[in-house]
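Structure, as structure tokens:
The values are calculated or read from the model by the stated rules, or taken from the named source; none is laboratory data. Worth saying up front: this structure is predicted, and the values here are computed from it rather than measured. Quick reminder, even Gly has a Cβ in these numbers, built from the backbone with ideal geometry, and neighbours come from all protein chains shown. When the accessible area is computed, the model is the full protein with side chains, heavy atoms only, and any ligands, DNA or RNA have been set aside. Shrake-Rupley method; radii C 1.70, N 1.55, O 1.52, S 1.80 Å.
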Amino acid sequence: MNHSHKYTIGVDLGGTNIKSAILDQNFQVVIERSDPTNALEGPAHVIRTIKGIVHEMMQHQQIAHENISCMGIGIPGLLNPKEGFSIFSPNFPGWENIHVVQEMKKDFSFPVFIDNDVRVNLYGEWYFGAGKGLKNLVLVTIGTGLGSGIVVDGNVLYGTTSSIGEIGHMNMYREGRPCRCGSSGCLGRYVSAIGMVRTLVEKLESGRDSIIQTWVDGDRSRISAKMISDAYDLNDSLAIEVMHETGGILGFGLANVINLFNPELIIIGGGVSAAGDRLLHVVRETIRQHALKLSSNACGVVTAQLGGRAGMIGAVAYAKNQLEPRAIP
Ligand SMILES: [Zn+2]
């Protein structure tokens with residue numbers, strides 16, 4: 001192996017898995033892995049796990065510290081990217097004001113940068129995926145929750161407290177499902193894996209029927225968003241209804257996003273994006289009917305291209321840009 005080259009490390013810290021990779025100077029993955037996060041064991045354990053993974057990858061590839069130019073880490077929740085600490089992360093118990101960058105500096109001599117998990121996904125899709133070359137785009141991730149990252153006129157937006165783009169808490173109903181944020185009727189309570197399942201269960205509880213009931217032997221706690229997709233493909237009328245309702249609510253939310261930010265592309269990523277056109281054809285139709293014509297005619301809605309790898313690759317792109325602005329064309 002040629003050690004004169006500079007490598008970069010990308011880490012995507014998720015609630016379930018930590019995805020990590022070392023990339024070469026051409027952004028090609030030289031090694032990647034996925035390890036369980038075990039977030040319930042606390043922040044010290046998670047930090048130790050990340051350090052262990054990075055040490056092992058470097059050892060395995062026989063790459064020395066001085067051949068690493070930088071490391072980027074994507075972290076869910078609210079954080080202070082400039083100071084390098086994570087303020088709060090809803091799915092990480094005990095995770096409050098964790099100085100991730102300081103912790104990494106104890107083990108590694110190269111610079112380390114952190115950013116929000118949705119924004120590192122945005123960097124990935126923007127530089128290497130569906131948003132390549134664009135100046136105005138929004139990445140929406142739909143998984144257990146709903147988030148977004150926004151590029152306007154070629155700049156990623158952060159806001160006063162680096163918490164811009166929290167479209168999951170956009171209010172859709174004055175009186176709606178209660179949300180962890182303290183409000184109710186938030187978009188993410190309807191458009192997310194959990195939200196879709198909730199919509200289906202509410203309909204089942206009102207006496208409606210679906211093939212999904214037989215799949216879970218009547219145990220509604222076993223219903224997943226994937227089952228709704230599968231039932232949709234079998235023409236299950238309740239699953240179709242849930243998918244249409246979810247797509248409609250998302251469409252209204254995105255009409256607001258389009259009116260506010262005037263993007264040329266909205267990229268839908270995250271686990272629920274696997275539903276693809278089952279969800280998106282209603283989304284596009286709702287946008288067409290309700291967003292400003294000038295803005296909506298100029299905006300496409302597509303699914304993400306990089307899948308689960310967007311975060312770790314984007315974390316690298318983000319870190320490189322912090323070292324050297326516009327390092328990536
Ligand atoms: Zn909320």
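Quick notes on this one:
- Carbon and sulfur %, accessible surface of the chain computed with the full protein complex present, 1.4 Å: 50
- Cα-Cα P(r), the stretch 130-304, percent of pairs per 10 Å interval: 10, 38, 34, 14, 4, 0
- Remark: relative contact order (the stretch 233-329) = 33 percent; criterion is Cα-Cα distance under 8 angstrom and separation of 6 or more residues.
- Shown are LYS132, LYS19, LYS293, whose ranking by accessible area with a 1.4 Å probe and every protein chain present, most to least, is LYS132, LYS293, LYS19.
- The orientation-averaged projected area of the convex hull spanned by the Cα atoms of the chain comes to 17.5 nm².
- Computed lengthening from SER224 to THR161, 0.36 nm per intervening residue step minus Cα-Cα distance: 19.3 nm
- Of the two radii for the stretch 262-329, the radius of gyration is 1.10 times the Kirkwood radius, both from the alpha carbons; that is the Rg over Rh value.
- Spin-label model distance (nm) - ARG180 vs GLU205, 7 Å beyond Cα toward Cβ: 2.0
- The chain, relative contact order [Cα under 8 Å, separation at least 6], %: 20
- Label-to-label distance, LYS135 versus TYR173, with points set 7 angstrom from Cα along the beta-carbon direction: 4.1 nm.
- Placing pseudo-labels 7 Å out from each Cα toward the beta carbon at ASP277 and LYS105 gives an inter-label distance of 5.2 nm.
- Heavy atoms of the protein chains alone define the surface here; on that basis the chain has 45 Å² accessible area per residue at 1.4 Å probe size.
- On full extension, the segment bounded by GLN28 and ASN259 gains 79.5 nm, given 0.36 nm per residue less the C-alpha separation.
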